[in-house]
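Note sheet for the following structure.
Readers should treat all values here as calculations from the given coordinates under stated rules, not as data from a laboratory. A quick note: this is a predicted structure, and the numbers were derived from the prediction, not measured. No Cβ is skipped: glycine too gets one built from the backbone with ideal geometry, and neighbour counts run over all protein chains shown.
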Amino acid sequence: MALHTRAVFLGAPGAGKGTQAMRLARETGVVHISTGDMLRGHVARGTPLGTEARDYMDKGQLVPDRLIIAMVEDRIGEPDAASAWILDGFPRTLPQAEALDTSLTGSAQSLTHVVYFHVPEEVLTGRLTGRRVCGKCGAIWHVQNHPTSKAGVCDTCGGALTQRSDDRPEAVGKRLAVYASQTKPLLDYYRQRNLLTEIDANRSPETVYETLIGLMQ
Ligand code: AMP
């Protein structure tokens, strides 16, 4: 993969961005920056940011732009992110996309790829409500599509699986509505800049990964 990959992964919650980004990071060494994971880390540690973000997250709403933008700018300024990264779950609003552009321009950098993981809306709800995450290593499973050999136990590390609070049915509908109204407009934003590549993500993770690797060479 290109040495200076600076990629954005776009797509609805449940489209598989995190699963693919995690594997790409493991196999290529690119730094995976997931704003959702970072925020969950803040919530777990009880930081002021976590305390402020928690209510929004539990309700399936977006955390305010000012908090997220500062968090991402700090992260991509860290030494390990100097050469190659993937942003997973950011930007999610037009102001976030504009802030990212401004920040990259300021450091004479630019995005190399914007990948849109497309999954039909009717498939997303089932993917989200059945998703389970390992509390120890972060591996992502699904009760039907990608089950562990022993229910509730991670095959990778033996950790206990949990359901994210925002994957409960009450929050899922809200998240998909927020995606449609606030994040989908970013597809046009990046299409107009000739950066957007669409992947059919309604296929097996293996097939999606092969397509992804092909286009990120
Ligand atoms: P994710 O793991 O990407 O689905 O994110 C989980 C939750 O974290 C979202 O539903 C939002 O509440 C919050 N979040 C993550 N990334 C962002 C972002 N870029 N802007 C606003 N809120 C975010």
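Any chance the range 2-20 includes a residue that's touching a strand residue (DSSP E or B) at 6+ places or on another chain (Cβ under 8 Å), free of Cβ contacts under 8 Å to residues at least 60 places away in the same chain and either within 10 Å of the ligand (Cβ to nearest atom) or farther than 19 Å from Arg92 by Cβ (or both)? No, the range 2-20 contains no residue that is touching a strand residue (DSSP E or B) at 6+ places or on another chain (Cβ under 8 Å), free of Cβ contacts under 8 Å to residues at least 60 places away in the same chain and either within 10 Å of the ligand (Cβ to nearest atom) or farther than 19 Å from Arg92 by Cβ (or both).
Screening Gly36, Gly41 for residues that are under 17 Å from the mean Cα position of the chain (by Cα) and surrounded by fewer than 17 Cβ atoms within 10 Å (Cβ to Cβ) leaves exactly one candidate, Gly41. For the range 77-97, what are the residues that are more than 13 Å from the ligand (Cβ to nearest atom) and either over 20 Å from Thr28 (Cβ atoms) or assigned to a helix (DSSP H, G or I) (or both)? Selection gives Gly77, Pro79, Asp80, Ala81.
Which of the residues that make up the range 23-37 are aliphatic (A, V, I, L, M) and away from the ligand (no atom under 12 Å from the Cβ)? Walk me through it before giving the result.
Taking the range 23-37 and keeping what is aliphatic (A, V, I, L, M), we get 24-25, 30-31, 33.
Passing the criteria: Leu24, Ala25, Val30, Val31.
Only one of the numbered conditions (1) closer than 16 Å to Tyr179 by Cα; (2) of a type in the set (A, V, I, L, M, F, W, C); (3) buried (at least 17 other Cβ atoms within 10 Å of the Cβ) is violated by Trp85, and that is (1). Evaluated against (1) on the phi < 0 side of the Ramachandran plot; (2) in contact with a strand residue (DSSP E or B) (Cβ under 7 Å, 6 or more places away or on another chain), Gly152 falls short on exactly one condition, (1). A residue that is crowded, with 20+ Cβ neighbours inside 10 Å, within 11 Å of the ligand (Cβ to nearest atom) and assigned to a strand (DSSP E or B) cannot be found anywhere in the range 51-70. Going through (1) in contact with a Gly (Cβ under 8 Å, 6 or more places away or on another chain); (2) without any contact (Cβ under 8 Å) to a residue 12 or more places away in the chain; (3) among the hydroxyl-bearing types (Ser, Thr, Tyr) one by one, Thr162 falls short only on (2).
Has the range 33-43 got any residue that is assigned to a loop (DSSP other than H, G, I, E, B) and under 21 Å from Val178 (Cβ atoms)?
Let us first name the residues in the range 33-43 that are assigned to a loop (DSSP other than H, G, I, E, B), namely none.
Checking the range 33-43: not a single residue is assigned to a loop (DSSP other than H, G, I, E, B) and under 21 Å from Val178 (Cβ atoms).
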